[in-house]
Structure formats: C-alpha cells, structure tokens
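Chemist: Sharing a structure, written as structure tokens. Questions coming.
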Amino acid sequence: MTNILDGKALSLQIKDEIANEVRALTAAGHRTPHLAAILVGDDGASQTYVANKEKSSAEVGFLSSVYRLAENIDEAELLKVIDFLNHDDEVDGFIVQLPLPKHIDEQKIINAISPDKDVDGFTPINIGRMVLGQEAFIPATPKGICTLLQRNNIETEGKHCVVIGRSNIVGTPAANLMSRKTFNCTVTMCHSRTRNLPEITRQADILIVAIGKPEFVTADMVKDDAVLVDVGIHRIPDSSKKSGYHLCGDVKHSEVDSKCSWVTPVPGGVGPLTIVSLLQNTLQAYKKKYNL
Ligand code: NAP
C-alpha cells in the first residue's frame, strides 16, 4: 500500500505549534518574532515565494517585512541593506530570495548575512556547523524533508538513501543530514556525471529527488516499497487549466507512486514543509537571542 507523506497537513500542524509558542511568548511580555525578506527584481516565481513566506509569517503571529529592491540595484547597495538588517535588533532572521540578477555575486551576498540571522542556513558558517553536527540553522528544504520523515516515523537506520542532486540548497545538505546520527542512513549522492543512474536509484530504500527536471524519475528507476521524496516543482503550461498551467515534480508520479511504501505528493509534499522550516529557524534565532 502506498502511504502519503502529507506535507500540507503536517505544515498546518507545525504552524499551529509555532503559533501557540508565539502566543505564550508574547503573553509573557516578550516582543513578537520578526522575519524579513529581501526581494530583488520582479521575477514572478520569487514574488510568489516571498508572498507565501509573508502569509505564513502572519499565520503564526510573526511580524514580517519585505525589502523590495530594483532589478538593477548594484552589489554595494544590496550589501548595505544586508548590513542594515544584520544590525537591526528588531529583526530576528532574514532571507535573500534567490536567484539574484546575474550582475550580482550570489555567494558574496550570502556570505554577508550574519550567521545568527541566516534563517535560510546558506552561509558557510551554518553549513559548516551543520556538517560538524553543531547547532545550526538547517537549510529549509532539507530540514523539511527531515521533518516529514521524522514526524511520519519513517525508519531510516541502516537504510540506503540515494539523493539525486548536489545543489548547495537541497541535495548536498540533504545527503549530509541523512548520513548523520539522527538518521543513520548509508548515503549515495548522484549528479549529472553519475554513470548508470537507474542502477543506483533502484538500490534506494529512501530516494530523494532534487534534480530540477519534470517527471525525470520513472518506474524502472525505483525499487518496490521505496520511500520516495520528490523535491521538484515545475509549472507546466496547460490550456485545460484555468491558471494556464499544472504543477508536477521531478518524479513521474502516475507510474511510480504505486510501487512505493511512502511518497510525497506534488504539490503538498516538501513545499509546505520548506516554509514551515523557515518559520522554525526564525523562532530558533529569536529564542537563541534571548536565551529562551
Ligand atoms: P539545481 O541547483 O538545478 O540542482 C540540480 C541537481 O541535479 C544538480 O546537482 C545536477 O547535477 C543534478 N542533475 C541534473 N541533471 C541530472 C541528471 N541527468 N542525472 C543526475 N543528476 C542530474 O536544483 P535545486 O535547487 O537543487 O532544486 C531541485 C528541484 O527542487 C527543482 O525542481 C526546484 O524547483 C525544486 N525545489 C523545490 C523546493 C521546495 O520547497 N519544494 C525548494 C528548492 C528547490 P550537477 O551538480 O552535476 O549539475
């Protein structure tokens, strides 16, 4: 039987938990946690992501603010905004929505974020702390994957986890986290130069797919009863839909799902947990700041 790793339902539950904690904190006289976002340019997908983050912040009782900057802003100006937020005592954490325009050095911008406010967990300090198993802000999407597995009591100890993708924001941290003591998996990380990919993915007890290619993973690449986590999200033009598109993942769910013991749907799987992880990281930053 195929079970659903229901990210939507779990995200509502965790948002409730965060909202209760925020209510208790403010009732005890503490100020309201505050998450800020920097949005450069007017990319449609980035605007949607930031709007969702604002909406979710409001749902749990956080303050949120968005710094909307022009597409042609220069690096020095952007660094000034980051410096301002790094020093703003009323902001607990902030994110810089990626991707940034081509003329800006993304890594330089990330490196300028204070590690104490880096709630996306993208700075070298936080990645380093994560790899060493120290207290860190864990990047939101891999953290969401971990939460989905843990809250659904998925057995991971000694299992073979195959991760397709090695990006800094998903594949690399996901592979690291699955290999560490909380999960105790044996991990194989695959990428575009991997040979015989289907042969490797067929060995996966847990298959995490973050490849960025619509419906890439097909039934012949998945073993029976695998736990399947599909990180991909794509808008496919579709004239039969009112919106003009439908959403799909990196996995061909129509043929793969029935083989799996657990599967994340798209949408409603990893996506909602990504935003929740950002909220959790913001609360973590806030509590650390006040030793709560
Ligand atoms: P990315 O930066 O494009 O990385 C894709 C990875 O897949 C790369 O490591 C690449 O290898 C590898 N790859 C590409 N073609 C391959 C092939 N034929 N065989 C094996 N590996 C291959 O993407 P990302 O940022 O990690 O995101 C992955 C997907 O997750 C995207 O669909 C994205 O939209 C989605 N996403 C969703 C959420 C969410 O909240 N649901 C959050 C973040 C991302 P190389 O390193 O060799 O190039």
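Chemist: Could you please find all residues in the range 226-249 being touching a Phe, Trp or Tyr at 6+ places or on another chain (Cβ under 7 Å), open to solvent by less than 50 Å² (accessible area, probe 1.4 Å) and farther than 21 Å from THR156 by Cβ?
Modeler: ILE236, ASP238
Chemist: For residues that are out of contact with any helix residue (DSSP H, G or I) (no Cβ under 8 Å at 6 or more places or on another chain), within 11 Å of the ligand (Cβ to nearest atom) and not charged (D, E, K, R), tally how many sit in the range 173-195.
Modeler: Selection size over the range 173-195: 2.
Chemist: Kindly check whether there is at least one residue in the range 143-153 that is without any contact (Cβ under 8 Å) to a residue 60 or more places away in the chain, open to solvent by less than 20 Å² (accessible area, probe 1.4 Å) and not in a helix (DSSP H, G or I).
Modeler: Taking the range 143-153 first, the residues without any contact (Cβ under 8 Å) to a residue 60 or more places away in the chain are 146, 150, 153.
Still in the running and open to solvent by less than 20 Å² (accessible area, probe 1.4 Å): 146.
Filter once more, so that each one left must be not in a helix (DSSP H, G or I): none.
No - not one qualifying residue is present in the range 143-153.
Chemist: Looking only at the range 197-214, which residues are out of contact with any Cys (no Cβ under 6 Å at 6 or more places or on another chain) and away from the ligand (no atom under 11 Å from the Cβ)?
Modeler: Passing the criteria: GLU199, ARG202, GLN203, ALA204, ASP205, LEU207.
Chemist: Also, quick follow-up: Among the candidates PHE137, PHE84, which residue alone is open to solvent by less than 70 Å² (accessible area, probe 1.4 Å) and modelled with pLDDT of 95 or more? Even if it seems obvious, please write down each step before you answer.
Modeler: On the way: PHE84 fails: open to solvent by less than 70 Å² (accessible area, probe 1.4 Å).
So the residue among PHE137, PHE84 that is open to solvent by less than 70 Å² (accessible area, probe 1.4 Å) and modelled with pLDDT of 95 or more is PHE137.
Chemist: If you don't mind, another one. Go through the range 243-273 and count every residue that is near the ligand (Cβ under 10 Å from one of its atoms) and charged (D, E, K, R).
Modeler: Final tally of qualifying residues: 1.
Chemist: Please go through the range 119-140 and give me each residue that is outside any loop (DSSP other than H, G, I, E, B) and either hydrophobic (A, V, I, L, M, F, W, C) or assigned by TED's automatic domain parsing to the domain that holds ASN184 (or both), ordered by number.
Modeler: Residues satisfying the conditions are ILE125, ILE127, MET130, VAL131, ALA140.
Chemist: Since VAL276 meets every condition but one in (1) within 16 Å of the ligand (Cβ to nearest atom); (2) in contact with an Asp or Glu (Cβ under 6 Å, 6 or more places away or on another chain); (3) not charged (D, E, K, R), which condition does it not meet?
Modeler: The failed condition is (2).
The values are calculated or read from the model by the stated rules, or taken from the named source; none is laboratory data. Here the structure is a predicted model, which means the values were calculated and not measured. No Cβ is skipped: glycine too gets one built from the backbone with ideal geometry, and neighbour counts run over all protein chains shown. Accessible surface is based on the protein model in full, side chains and every heavy atom, while ligands, DNA and RNA are left aside. Shrake-Rupley method; radii C 1.70, N 1.55, O 1.52, S 1.80 Å.
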